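The block underneath contains the structure these notes are about, expressed in structure tokens.
A short reminder: the numbers here are calculations on the coordinates, not readings from a lab. No experiment lies behind these values; they were computed from the predicted model shown. With ideal geometry, Cβ positions are generated from the backbone for all residues, glycine too; neighbour counts draw on all protein chains shown.
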Amino acid sequence: MGTEDDVQALRRMSGLVTPMALRVAVTLGLPDRLRDRPATAHDLAPGLGVDPLALDLLLAHLAFLDVVERTDAGYRTTGFGALLGAEAGNGLNNLLHHDTAAGRADLAFADLLHSVRTGEPAYPVRYGRDFWTDLAEQPHLREAFDRQMTDRMCNWVSGVVAGVDWSRFATLVDVGGGRGSLLAAVLEANPGTRGHLVDLEDSAAGARELLRERGLGDRAEVTGGSFFDPLPPGGDAYLLVDVLHNWDDEQAHRILARCAEAAPAGARVLVVESPGGSTEFDLVMLVHFGGRDRGSDDLAELASAHGLVLESVSPVAGGRSVLEFRVTR
Ligand SMILES: C[S@@+](CC[C@H](N)C(=O)[O-])C[C@H]1O[C@@H](n2cnc3c(N)ncnc32)[C@H](O)[C@@H]1O
């Protein structure tokens, strides 16, 4: 039998109140609104279109969490709470807001049981369509997702650029390359390499702009399209960064098959993921997409069905490794 402390620890771990209170605070913009101008729930409620008594309950819990503090003029955001603000520049606001890609997707955790029962993503149960279709239909979600991807990469892009000898590749195809921040960094560090990025049209448009802004327009082509369709042929390397973990095995096979078909014999497929990453992240991939972070052995087995032979696994940065496969045929 566990101790009372253990029971309390489990109670805290399983509580939904605090995570949801923080997310609702972010969604209502409270950390920014109360940063320099203290206000009461009654002051704030009409402008926010919320119930004043309910808002007061929320603010009281936020004060308990030290996110806001009580002053004579009402509640004011603390230095700790300011980290949740849109302008804090740490990406948290974009992850927690109910109407951003990640914040909205996390709400599907209410249907985790469905995912565990079926192995399917919970996202479509809640929203009636899959994550990528939702992003295509709501540009502000796509914008938030691309920003999230760019923010997260800031810390480890230089490690990935330094961790691979990219100069071996005259042409590099970045498959599902998002807004292109990694491809831009690789091309900047390797003047002899040309790039070709493929992503869905909305992201591709952002990538075109970014690559042009970085002065790489003449060395980088961008195609708006699906990686389930034939990919640009003849590349020396095909890059998949944090792509396969978004998909179940059947779809991951299809993506690898497209790479293997497009690549000449001897070319490389580089998979950058976090093999054996975090258990929490695995559940996120399951609920949002029906995917998971696969270990190196699983990735090697998946790839071997397409004549891709694992040559090396190199830890780079951000918990990620580069798995380099050689195309054999
Ligand atoms: C997790 S993000 C990774 C983006 C980029 N590789 C990076 O590391 O920042 C997955 C990418 O796959 C793209 N994607 C999803 N479905 C796609 C499809 N059918 N065809 C092409 N790209 C797709 C998304 O738009 C997104 O940019």
Taking a ≥ b ≥ c as the square roots of the eigenvalues of the Cα gyration tensor, with a/c under 1.5 meaning rounded and otherwise prolate when a/b exceeds b/c and oblate if not, segment 152-327 is rounded
Net charge of Cβ neighbours under 15 Å - reference ASP202; Lys, Arg +1; Asp, Glu -1: -3
For the chain, Kirkwood radius (reciprocal of mean inverse C-alpha pair distance, Å): 21.8 Å
Taking a spot 7 Å from the Cα of ASN90 along the direction of its beta carbon, which residues of segment 1-38 have an amide N less than 15 Å from it? 22-23, 26, 31-32
Cα-projected label distance for THR3 with SER226, points at 7 Å along beta-carbon direction, nm: 5.6 nm
Using Cβ contacts closer than 10 Å as the measure, can you line up PHE325, PHE169 from fewest to most? PHE169, PHE325
Approximate spin-label separation HIS42-ARG329, in nm, with each point projected 7 Å along Cα-to-Cβ: 7.4 nm
GNM flexibility winner over the chain from GLY49, GLY318, GLY235 (Cα, springs under 10 Å): GLY49
Using the count of nearby Cβ atoms within 10 Å as a rough guide to exposure, how do ARG329, ARG294 rank from fewest to most? ARG329, ARG294
Chain lengthening between ALA136 and ARG254 when straightened (0.36 nm per residue, less Cα-Cα): 40.4 nm
Highest GNM mean-square fluctuation among ALA54, ALA207, ALA102, for the chain with Cα springs under 10 Å, belongs to ALA54
The chain: antiparallel DSSP beta bridges as a percent of all, rounded to 5: 50 percent
For segment 267-320 and segment 55-81, what is the centre-to-centre distance using only Cα atoms, to the nearest Å? 42 Å
Full-stretch length increase - SER314, LEU53 - with 0.36 nm per residue and alpha-carbon distance subtracted: 88.5 nm
ALA189 versus PHE64, label points 7 Å from Cα toward the beta carbon: distance in nm? 4.7 nm
What percent do you get for the relative contact order of the chain when only Cα pairs under 8 Å and 6+ apart count? 13 percent
